[in-house]
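Reviewing the structure listed below.
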Amino acid sequence: MSADLVIRGGSVLDGTGTAARRADVAIAGDRIEAIGDVRDADAPVLDAEGCVVAPGFINVLSHAYETLQLDPRGLSDLYQGITTEIFGEGRSMGPVTGRMTDLVAAEKPLFGMRTSWPRLGDFLADLNGAGLNIGSFVGAENLRMPFAGNDDRSLTDDELTAACTLLDEELAAGALGVGSALIYAPGSYASTVELIAYARVLAKHDALYISHIRGESDRLVDSVDELIRIARESSARAEIYHLKASGRENWPLMSTVLDRVQQARADGLGITADIYPYDAGSTFLSAFIPPRFHEGGKLAARLADPSIRAEVKAAILAPRQDWENLYLGSGGAEGILLLGGSSISVPGQTLAEASRGGDPLDTLLDLVEAEPNLMVAEFTASEADLQRALKQPWVSVCTDSEAIPAEAPFTDTSTHPRTYGAFARVLGPWVRDGVLPLEEAVRRMTSLPAANLRLTDRGVLRPGAFADVTVFDPAAVQDNATYLDPHRYADGMRHVLVNGQAALQDGKPTGVLAGRAVRRGA
């Protein structure tokens, strides 16, 4: 047999959910040549004795579009067995055209790297050759901002037609679908009708609508119903980003949501979801300010006005809310952990601690003024509910984070532990605690997202498929990152191959950069 590499002596989980079988895996070029007894192959051998051999994991929600420009290895994800990063929650690196061009140019990127390309394919081509595979949705903001900018208004009929034409062109070039983020301005300004128009274009291409829904707290059920309506009226498939019920008083809503999705699926709708396995989310502290104060991109100017600052504080504490209030959902300042530093605070403090006995809302607004991109963790979810969600056969896994090395300058600020641990936490502790069987956990990280994204020949181990492969010790897989000490790689991965090349070998990164841009159906 002709082969370039053999993975020998492991238990193969092919990604489909079937039981493991002891077999060798022969690789020729970037593809799997054979699975079984390949002792006649004259090729270098990677030892997999005592390990599971599985497809490379697919991170359906990644924010590594900047960090992979700085360090293309993607080590925080590579150490978890991730071989493919998917971008596009709310905004994508392209297409950036029209009014959006100047608005994006005026923003300060979180890591200081390029954040706009005229077309999504241009971005994918420029980042092609990183350490991990990359793919992207078209951000819903990229469809409305060329026409409406940061304004809170509906698109005109002509503008919506032009936006749909732009989307159609991007889908024809292999974009995975549309990703919306409906709690952040200006994405929150999109109406359901606008989103249905995009989804109808998606349906023609068998592409996916995926959404950070409008509300994950007291508006959770209505927000899931909106996503189901979009799928029903457009005939497009749809997925819920990082499914959770935020705020202790809203945890009982998870049962209703799971029932709603199950019924929609029984009705023939292609509804799916993903989760990250932590009871805290993470976002910019500026997202704790109601969207109407962001309108027109003038939040900083508004916060400089004492009368408007008072209005913002009152809106955050108002008893009736028409927006996703993360401050109240976190239980107030004690439930908000600052992940980045500024002149006012240090990483690892809660907002209450940073306030030093003063009004925490004043501190919140001061922090947003001083550091608009300050990241925080908000403790809102129930781990038991997340585990219950993951037991649904249509739920996959994500990090909702960048992919970084545990090295300076990335370690100069904090991050959410999911950056280094989301997949390892599911594959290790949650599997060992009985949340999921190992073969099913692997399916949620491989063939399920590959099928949802329509990625051809990925997410499975079979002859002819791309040789994205993880080799891990299931007893040793462990997440090590914590909220106060987040820059710690996961344990348990012995080898990780990307397109047939060893990016991690014998537990150490090789520096090989074999990632490719992946496109829907290609």
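The values are calculated or read from the model by the stated rules, or taken from the named source; none is laboratory data. The shown structure was predicted, so the numbers you read here are calculated from the model rather than taken from an experiment. Here the Cβ is made from the backbone with ideal geometry for all residues, glycine too, and neighbour counts use every protein chain on show.
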Inset, instruction - May I ask you to list the residues in the stretch 102-125 that are over 20 Å from Pro372 (Cβ atoms), in a helix (DSSP H, G or I) and either without any contact (Cβ under 8 Å) to a residue 60 or more places away in the chain or touching a helix residue (DSSP H, G or I) at 6+ places or on another chain (Cβ under 8 Å) (or both)? - result: Leu120, Gly121, Asp122, Phe123
Legend entry - Residue in the stretch 392-408 that is more than 25 Å from Leu75 (Cα to Cα), more than 18 Å from the chain's Cα centre (by Cα) and modelled with pLDDT of 95 or more present: yes
Legend entry - Given (1) more than 23 Å from the chain's Cα centre (by Cα); (2) outside any loop (DSSP other than H, G, I, E, B), number of the condition Tyr327 does not satisfy: (1)
Inset, instruction - Note down all Cβ pairs under 6 Å where the first residue falls in the stretch 460-484 and is without any contact (Cβ under 8 Å) to a residue 60 or more places away in the chain, the second is not in a loop (DSSP other than H, G, I, E, B), and they're at least six residues apart or on different chains. - result: Ala476/Asp491; Val477/Ala424; Val477/Leu427; Val477/Gly428; Gln478/Gly428; Gln478/Asp491
Legend entry - Which numbered condition Asp359 fails, given (1) outside the structural domain of Leu258 (by TED's automatic domain parsing); (2) surrounded by fewer than 24 Cβ atoms within 10 Å (Cβ to Cβ); (3) within 26 Å of Thr67 (Cβ to Cβ): (3)
Legend entry - Residue among Ser286, Ser343 that is surrounded by 21 or more Cβ atoms within 10 Å (Cβ to Cβ) and either without any contact (Cβ under 8 Å) to a residue 12 or more places away in the chain or not in a strand (DSSP E or B) (or both): Ser286
Inset, instruction - Could you list, in sequence order, all residues of the stretch 26-51 that are under 30 Å from the mean Cα position of the chain (by Cα) and either in a loop (DSSP other than H, G, I, E, B) or not charged (D, E, K, R) (or both)? - result: Ile27, Gly29, Asp30, Ile32, Ala48, Cys51
Legend entry - Of residues in the stretch 135-162 being among the hydrophobic types (A, V, I, L, M, F, W, C) and crowded, with 24+ Cβ neighbours inside 10 Å, the one nearest to Ile82 (Cα to Cα): Phe137
Inset, instruction - May I ask you to say which residue of Glu295, Glu334 is in contact with a strand residue (DSSP E or B) (Cβ under 9 Å, 6 or more places away or on another chain), in a helix (DSSP H, G or I) and of a type in the set (Asp, Glu)? - result: Glu334
Inset, instruction - Would you be able to say whether some residue in the stretch 206-213 is within 30 Å of Gly247 (Cβ to Cβ), in contact with a Pro (Cβ under 7 Å, 6 or more places away or on another chain), modelled with pLDDT of 95 or more and of a type outside the set (A, V, I, L, M, F, W, C)? - result: no
Legend entry - Of all residues in the stretch 437-464 being within 26 Å of Gly177 (Cβ to Cβ) and more than 21 Å from the chain's Cα centre (by Cα), the one that is surrounded by the most Cβ atoms within 10 Å (Cβ to Cβ): Leu461
Inset, instruction - May I ask you to say which residue of Pro486, Pro474 is within 21 Å of the chain's Cα centre (by Cα), over 29 Å from Ala125 (Cα atoms) and in a loop (DSSP other than H, G, I, E, B)? - result: Pro486
